[in-house]
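Asker: Quick one: the structure is below, and I'll ask about it shortly.
Taken together, the values in this text are just the output of simple stated rules run on the coordinates, not laboratory data. Only a predicted model underlies this, so the values are computations on that prediction, with no experimental measurement involved. In this analysis, Cβ positions are derived from the backbone assuming ideal geometry, glycine residues included, and neighbour counts consider all displayed protein chains.
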Amino acid sequence: MWVGCIDGQLFVVDTVTHVCGAQLASIRCEGGCQTMVFDVQTNHILTASRSGSVTIWNATNWERLNEINLCE
């Protein structure tokens, strides 16, 4: 499985079948998704943009857990 950002869109792709399983979200910030990390201990994905917006996702069910603006 691959989770990544393409042109500000967050995707999940099955790397065996090469099928896009889900488009999780459009990152609604300046410059789209700039960085992404996976926390193996909490099973969370964190995405961030240039404008300081950080979104936390549950990697098990792709639920958006929280959105934080670091510039506020």
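Asker: Could I have the simple spin-label model distance between Val16 and Arg50, label points 7 Å from Cα toward Cβ, reported in nm to one decimal?
Answerer: Result: 3.9 nm between the two label points.
Asker: Tell me, Val16, Val3 in order of fewest to most beta-carbon neighbours within 10 Å?
Answerer: The order, fewest Cβ neighbours first, is Val16, Val3.
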